[in-house]
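The values are calculated or read from the model by the stated rules, or taken from the named source; none is laboratory data. If you're wondering where the values come from, they're calculated on a predicted model, not measured in any experiment. Please note: Cβ atoms are built from the backbone with ideal geometry, for glycine as well, and neighbour counts cover all protein chains shown.
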């Protein structure tokens, strides 16, 4: 039957099984590759992966631990870019949703920006913002602002006019309607949109780091890939996935905490 | 110069006409509602009941004529929604992100505190909020929802939601409460319970009048259920586009106007009405208001009205 409920135990067993299958599958592919070429580094076996782990957790010749340096650099850039994107995306969406003139004014640049692939526009960012922190922040925030702004804007247009008229009969001012009715109504949908934007934001950042970075996940992956040190590249990909997962989990937690009514709605 | 008994009116519609392009909706509509009246507004679908209600609410200004509502003891043009008029819609009356208690307390919060006060005077706001919630709880008890104060609208049944919506409007003590088909989406039993709740309010009105105080609630309820209209209202107002406009010198239908306005029998909250006995009133309303083939002369209606 479609979407029938299953027990918790069964769910855990099935999830474990899928992870186990992935690990076994990888071991088998790697094993076959090493039968053909024992020196192979493209699909490292488990002992090669352990060597890789030593490489990125222990200090290198310059005394730097790659994983620490890269994580810090990437996280800083991502945090700054996403925060700025959140602030501006939300403000632009709110003003477009609440003020009709601003809606007309902001619609063209936003829809244009939304259609330009950020990774293709890398060169533009280098020209305007150099290759430092500013460039990463600009690229990530410009990349996610259109989606976030449009989500907020559409969510506001979705609010039944009855709810706004009603607020006036309860003695609300224009500002109070924007904050007490519109903002609170839109907030959970906005958090959903931020969750969906984390993926693209990481893509933009990694792409930029691969091209101009001197530290960071994108830089390390590109460098180690050139040396076919896949025993570093694969773990780094796993770290990236875990990082994205963690952010997503935190946002979901935040949403459940500050918008408990939204959870109730979706159940 | 104030006319006699001026203070008693909560609402005056004067020569109100409205049209959407070629579509004529309301024509030369006059309606005065006294404080304490429960007016049932009835009429065939598309006659402009909702248009009139929105005009009174102030969200849709009529093309001609004016609507005056009592605001701070004076009859003032209702050109925008304000806290003197409450509204209960069929749906979307409640804010999904607030519990029942906070939905009811919202009006007090918005009306009696400012955003700056709430932002900068935390202890003052905390004190006020407690007071607002206590008052909201009283109103929820009044509509029979003392047990559901902390539920979100999505957790409540349709009937409960409408009870909260009514409490939300009541707490503002508006001059007039507008109900736009409030029970239209509810099942028969729930409907009757909610009608009883409104009759309890009407009883409070009568108690106030007997102590020669001002009756606290004035209501206009739009409904398509004649039995509901007769049971809840103490006055039946029929709006209809079917009247003898040719006689009045029009080439095409000019829109709906008031064609029926009579007192309605009054019921006690716990009194189960004998709907059979409504038959005479229903028949009269059907012929005057709903029947496109029986075109009543408006002059005749206006004459009887003056007497």
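Listed values, structure above:
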read-out: Single unsatisfied condition, residue A:237 versus (1) under 23 Å from the mean Cα position of the chain (by Cα); (2) surrounded by 16 or more Cβ atoms within 10 Å (Cβ to Cβ); (3) modelled with pLDDT of 90 or more; value: (2)
read-out: Single residue of A:60, A:70 found to be loosely packed, with under 12 Cβ neighbours inside 10 Å and closer than 23 Å to residue A:206 by Cα; value: A:60
read-out: Leading residue by the ranking (surrounded by the fewest Cβ atoms within 10 Å (Cβ to Cβ)) among those in region B:89-110 that are facing chain A (nearest Cβ under 7 Å), under 16 Å from residue A:177 (Cβ atoms) and within 21 Å of the chain's Cα centre (by Cα); value: B:92
read-out: Residues located in region B:9-34, provided they are more than 23 Å from residue B:291 (Cβ to Cβ), more than 12 Å from the chain's Cα centre (by Cα) and in contact (Cβ under 8 Å) with a residue 12 or more places away in the chain; value: B:9, B:12, B:13, B:14, B:15, B:16, B:17, B:18, B:19, B:32, B:34
read-out: Residue list for region B:29-73, filter: more than 26 Å from residue B:203 (Cα to Cα) and assigned to a strand (DSSP E or B); value: B:29, B:30, B:64, B:65, B:66, B:67, B:68
read-out: Unmet requirement for residue B:173, which otherwise passes all of (1) outside any helix (DSSP H, G or I); (2) within 14 Å of chain A (Cβ to nearest Cβ); (3) touching a helix residue (DSSP H, G or I) at 6+ places or on another chain (Cβ under 7 Å); value: (3)
read-out: Criterion (in contact (Cβ under 8 Å) with a residue 40 or more places away in the chain and closer than 30 Å to residue A:187 by Cβ) met by exactly one of B:87, B:42, B:67; value: B:87
read-out: Qualifying residue in region A:197-204 (condition: in contact with a helix residue (DSSP H, G or I) (Cβ under 8 Å, 6 or more places away or on another chain) and surrounded by fewer than 14 Cβ atoms within 10 Å (Cβ to Cβ)); value: yes
read-out: Sole exception among (1) surrounded by fewer than 20 Cβ atoms within 10 Å (Cβ to Cβ); (2) outside any loop (DSSP other than H, G, I, E, B); (3) at pLDDT 85 or above for residue B:216, by number; value: (2)
read-out: Pick from region A:173-185, criterion more than 8 Å from chain B (Cβ to nearest Cβ) and free of Cβ contacts under 8 Å to residues at least 40 places away in the same chain, ranking: surrounded by the most Cβ atoms within 10 Å (Cβ to Cβ); value: A:177
read-out: Residue list for region B:71-83, filter: within 9 Å of another protein chain (Cβ to nearest Cβ) and in contact with a strand residue (DSSP E or B) (Cβ under 6 Å, 6 or more places away or on another chain); value: none
read-out: Residues within region A:70-125 that are in contact with a helix residue (DSSP H, G or I) (Cβ under 7 Å, 6 or more places away or on another chain) and not in a helix (DSSP H, G or I), tallied; value: 2
read-out: The one condition in (1) on the phi > 0 side of the Ramachandran plot; (2) within 14 Å of chain B (Cβ to nearest Cβ) that residue A:130 fails to fulfil; value: (2)
read-out: When residues of region B:114-149 are limited to those that are away from chain A (no Cβ under 11 Å) and in a loop (DSSP other than H, G, I, E, B), the one surrounded by the fewest Cβ atoms within 10 Å (Cβ to Cβ); value: B:121
read-out: Leading residue by the ranking (surrounded by the fewest Cβ atoms within 10 Å (Cβ to Cβ)) among those in region A:1-28 that are over 30 Å from the mean Cα position of the chain (by Cα) and in a helix (DSSP H, G or I); value: A:9
read-out: Counted residues, region B:59-70 - those being within 12 Å of another protein chain (Cβ to nearest Cβ) and either under 16 Å from residue B:29 (Cβ atoms) or surrounded by fewer than 17 Cβ atoms within 10 Å (Cβ to Cβ) (or both); value: 2
read-out: Any hit, region A:152-173, residues being part of a helix (DSSP H, G or I), over 30 Å from residue B:178 (Cβ atoms) and touching a helix residue (DSSP H, G or I) at 6+ places or on another chain (Cβ under 6 Å); value: yes
read-out: Filter pass, residue A:249 being loosely packed, with under 15 Cβ neighbours inside 10 Å and either more than 16 Å from residue A:69 (Cα to Cα) or free of Cβ contacts under 8 Å to residues at least 12 places away in the same chain (or both); value: yes
read-out: From B:48, B:86, residue being within 11 Å of chain A (Cβ to nearest Cβ) and touching a strand residue (DSSP E or B) at 6+ places or on another chain (Cβ under 8 Å); value: B:86
